[in-house]
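J.: What follows is a structure written as structure tokens; I'll ask about it next.
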Amino acid sequence: MVEDKHKSSPSSCRRCRRRKTATVPDMPELLTGDNRTSRDPTRKTRTRRAAAGNNRSNLVRCEIGLEEKKEPQLLLQPLALSIRVFEEEEERVMDDEYDSGGGRSPDKAPAAEDEGSTAPIPERVQVGGSPLYKLDRKLGKGGFGQVYVGRRVGVGSGALEVALKFEHRSSKGCNYGPPYEWQVYNALGGSHGVPRVHYKGRQGDYYVMVMDMLGPSLWDVWNNNSNTMSAEMVACIAIEAISILEKMHSRGYVHGDVKPENFLLGTPGTPDEKKLFLVDLGLATRWRDSSTGLHVEYDQRPDVFRGTVRYASVHAHLGRTGSRRDDLESLAYTLIFLLRGRLPWQGYQGENKGFLVCKKKMATSPEALCCVCPPPFRQFVEYVVNLKFDEEPNYAKYISLFDGIVGPNPDIRPINTDGAQKLIYLVGHKRGRLIVEEDEDEQPNKKVRMGMPAMQWISVYNARRPMKQRYHYNVADGRLFQHIEKGYEDGLFISSVACCSNLWALIMDAGTGFTAQVHELSPHFLHKEWIMEQWEKNYYISAIAGSNNGSSLVVMSKGTQYLQQSYKVSESFPFKWINKKWREGFYVTAMATAGSRWAIVMSRCAGFSDQVVELDFLYPSEGIHRRWDNGYRITSTAATWDQAAFVLSVPRRKLSDETQETLRTSAFPSSHVKEKWSKNLYIASICYGRTVS
């Protein structure tokens, strides 16, 4: 059993408040379960406010099957006819979206892909006061431009050969003028491990950077050496790459796309031929705010991915704000690839590739990933995958891990490690070896990603005034009606439902505020005709659950504060749709899963001022705690075999007691509920699915 808590009250600071004790006039009722087996780098935190539409009469109606978008018409009647709204997802799979009466949602416009221009690259280049260069061979092409060799024409100062990077003015990185990468090079160019930019400017339709000419990438070296590298070579790469990232991070930036192709050696035959460089700063972002000096705020946007799938951190896959830990995790995967020649998640294809790769990364332990590697590589992986969002990495300690693999004489190492040696001297050294001072009183940090994937019950408890609450679990289809009707007779309404192994769990209590309620057990996920029929009667979805066999339990109630409602059934978690509905003033009010499918219900006038999503292949403990500290509370939960999703919201009306706790248990948490009730903590949400043990 794993328990997470957040307690607060109006009388003190949010992190240190203690919940006031309330007297319990009547003990809650307990019913046991049935005895059956069971590239925008300046992205900021979003704030959404509910859109206008606080009057039930201001609902909109539209005709089904309209080919053109039409202006909505306002109705004078107090209720609107429930109309089905259907959308096609951008993915191959069609997902269903239905609306209680808000009219047809705006048609989805396909994303406009900027294919750039076919304007030819100029054969001769002279920008920003540079000498004249003539284009030679092409070095490469990436998502943010093309790179050529430039040879100096005639006499003049500067190198005979340079690298010329071209980016078309209409490319995505140049929407507002020169490429964003220029800003990063202005801040980092010429620092340890970053090539110098000598000139930059615009010529014709292209923005051009004149840079140091470098040698082969680590990918080229690995590929030309029969796809192998010695442990000493990779250890030297680790030592110097860590020092390069430390210097970049010290200036407030994270690279965002660490991989073998972006590490280059110096030009062969020159004094820099064994020196390591990190290039391509097009995805670099600030981890530290330039004006305040503080760490940027945590956020998660599951529809945003930055980096390269093979080497990206799991946090990048999940759309979390980039920080120093992500560069180091990508470096860890880079090192293991160079040493092993392959990563366990290579080979996935198709539109679902990113999902499958992230899932595999989180399911692969450091021991399995590094099974044929020297121990320091496993230790490095363990350190970096368990770094917290804003935790300062111990770069010197990471470098020291590889000290025993490389030769004692830095002059004969295959990679120049001068930068790492300078970092070591800053921390302290003895006989050429690093001393890492440990605080004897330091407590071990809670691991972010240690543990094995597991299927568990996830229950959420909120502080409430004393009330009657009842639960049932392991309920077969045939017993549902009996339990629900008995609850109705006792003045209770269903507040939450869940399913495990095709057996249902019901939470019923007296604090819902509902005036009437209907429910349906259907073989469909979800039964749209019945839902639409209840919408017409002014019932709104208040709880849903799905089973592994595809059936669903839908609960709809009167007396909710909702004015309009929409839901979507999707083969994957539909964050893009959620984000679109947020902008329309809807908020998630219920979620469920059936197998790998998701159902999301969103409502207007839900009583929230802001809402965020935490999505993870294990359990997003760190994200939940960060959200709690910022005033969010879990308001919906759902999980599949692969993922767990938590919706956290900021209530419009401040709660008198903001205490919230979560439990993860292998069995239904019946043995813990009485203890929670004695503290006036009541089940607010429950689901069964993927977590970590």
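The values are calculated or read from the model by the stated rules, or taken from the named source; none is laboratory data. Being a predicted model, the structure only gives us computed values, none of them experimental. Positions of Cβ are backbone-derived with ideal geometry, glycine not excepted, and every protein chain shown enters the neighbour counts. Calculation scope for accessible area: heavy atoms of the full protein, side chains included, ligands and nucleic acids excluded. Shrake-Rupley method; radii C 1.70, N 1.55, O 1.52, S 1.80 Å.
J.: Report, by residue number, each residue of segment 615-666 that is more than 15 Å from Asn462 (Cα to Cα), in contact with a Lys or Arg (Cβ under 9 Å, 6 or more places away or on another chain) and in a helix (DSSP H, G or I).
T.: Scanning segment 615-666 gives Ser621, Glu622, Gly623, Arg627, Asp629.
J.: Here's something else I'd like to know. Would you confirm, using the coordinates I've provided, whether Lys568 is within 15 Å of Arg597 (Cβ to Cβ) and either in contact with a strand residue (DSSP E or B) (Cβ under 9 Å, 6 or more places away or on another chain) or of a type in the set (Lys, Arg) (or both)? I'd like the intermediate steps shown before the answer.
T.: Details: within 15 Å of Arg597 (Cβ to Cβ): yes; either in contact with a strand residue (DSSP E or B) (Cβ under 9 Å, 6 or more places away or on another chain) or of a type in the set (Lys, Arg) (or both): yes.
Yes; evaluated as a whole, the condition is true for this residue.
J.: Further question: Can you find a residue in segment 603-610 that is within 19 Å of the chain's Cα centre (by Cα) and surrounded by fewer than 22 Cβ atoms within 10 Å (Cβ to Cβ)? Give the steps one after another, and end with the answer.
T.: Initial filter on segment 603-610 (within 19 Å of the chain's Cα centre (by Cα)): 610.
Going one step further and asking which of them are surrounded by fewer than 22 Cβ atoms within 10 Å (Cβ to Cβ), we end up with 610.
Yes, because at least one residue in segment 603-610 is within 19 Å of the chain's Cα centre (by Cα) and surrounded by fewer than 22 Cβ atoms within 10 Å (Cβ to Cβ).
J.: Would you list the helices (runs of 4 or more DSSP H) that sit entirely within segment 280-398 and hold 1 or more residues that are acidic (Asp, Glu)?
T.: Once the helices (runs of 4 or more DSSP H) in segment 280-398 are filtered for at least 1 residues that are acidic (Asp, Glu), what remains is 324-340, 366-369, 375-385.
J.: Ok, one more. Any residue in segment 577-588 that is open to solvent by 10 Å² or more (accessible area, probe 1.4 Å) sitting within a Cβ distance under 6 Å of a residue that is modelled with pLDDT under 95 and outside any strand (DSSP E or B)? List the pairs, counting only those 6 or more apart or interchain.
T.: Glu584/Ala51
J.: Sticking with this one: So, in segment 288-299, how many residues would count as being open to solvent by less than 20 Å² (accessible area, probe 1.4 Å) and either touching a Pro at 6+ places or on another chain (Cβ under 8 Å) or hydrophobic (A, V, I, L, M, F, W, C) (or both)? Give the steps one after another, and end with the answer.
T.: Of all residues in segment 288-299, those open to solvent by less than 20 Å² (accessible area, probe 1.4 Å) come to 299.
Going one step further and asking which of them are either touching a Pro at 6+ places or on another chain (Cβ under 8 Å) or hydrophobic (A, V, I, L, M, F, W, C) (or both), we end up with none.
Count: 0.
J.: Can you find a residue in segment 141-154 that is more than 31 Å from the chain's Cα centre (by Cα), open to solvent by 50 Å² or more (accessible area, probe 1.4 Å) and closer than 22 Å to Asp257 by Cβ? Outline the logic, then answer.
T.: First, pick out the residues of segment 141-154 that are more than 31 Å from the chain's Cα centre (by Cα): 147-154.
Remaining after also requiring open to solvent by 50 Å² or more (accessible area, probe 1.4 Å): 151, 153-154.
After this cut, where a residue has to be closer than 22 Å to Asp257 by Cβ as well, the list is none.
No, because not a single residue in segment 141-154 is more than 31 Å from the chain's Cα centre (by Cα), open to solvent by 50 Å² or more (accessible area, probe 1.4 Å) and closer than 22 Å to Asp257 by Cβ.
J.: Something else: Give the number of residues within segment 391-420 that are modelled with pLDDT under 85 and open to solvent by less than 30 Å² (accessible area, probe 1.4 Å).
T.: Qualifying residue count for the region: 3.
J.: Next up: Determine whether Lys528 is out of contact with any His (no Cβ under 9 Å at 6 or more places or on another chain) and open to solvent by 10 Å² or more (accessible area, probe 1.4 Å).
T.: On the way: out of contact with any His (no Cβ under 9 Å at 6 or more places or on another chain): yes; open to solvent by 10 Å² or more (accessible area, probe 1.4 Å): yes.
In short, yes.
J.: Residue pairs, Cβ under 6 Å, 6 or more apart or interchain, first in segment 336-355 and buried (at least 18 other Cβ atoms within 10 Å of the Cβ), second part of a loop (DSSP other than H, G, I, E, B). List them.
T.: Qualifying pairs under 6 Å: Phe337/Leu343; Leu338/Met229; Leu339/Cys373.
J.: Identify, from the list Ser552, Ser566, Ser557, Ser570, the residue that is of a type in the set (Ser, Thr, Tyr), under 18 Å from Cys499 (Cα atoms), crowded, with 20+ Cβ neighbours inside 10 Å and at pLDDT 95 or above. It would help to see each step written out before you state the result.
T.: Details: Ser566 fails: under 18 Å from Cys499 (Cα atoms); Ser557 fails: under 18 Å from Cys499 (Cα atoms); Ser570 fails: under 18 Å from Cys499 (Cα atoms).
The match here is Ser552.
J.: In addition: Suppose we filter segment 674-693 for residues that are out of contact with any Phe, Trp or Tyr (no Cβ under 6 Å at 6 or more places or on another chain), open to solvent by less than 10 Å² (accessible area, probe 1.4 Å) and over 21 Å from Ser542 (Cβ atoms); how many remain?
T.: Looking only at that region, the number is 2.
J.: Right, here's the next one. Only one of Met467, Met455, Met508 is of a type outside the set (S, T, N, Q), open to solvent by 40 Å² or more (accessible area, probe 1.4 Å) and outside any helix (DSSP H, G or I); which? Before you say what the answer is, go through the steps one by one.
T.: Numbers: Met467 fails: open to solvent by 40 Å² or more (accessible area, probe 1.4 Å); Met508 fails: open to solvent by 40 Å² or more (accessible area, probe 1.4 Å).
Met455 is the lone residue from the list that is of a type outside the set (S, T, N, Q), open to solvent by 40 Å² or more (accessible area, probe 1.4 Å) and outside any helix (DSSP H, G or I).
J.: Are any residues in segment 518-545 part of a strand (DSSP E or B) and hydroxyl-bearing (Ser, Thr, Tyr), and if so, which ones?
T.: Filtering segment 518-545 for residues part of a strand (DSSP E or B) gives 518-522, 540-545.
Within segment 518-545, Ser522, Tyr540, Ser542 qualify.
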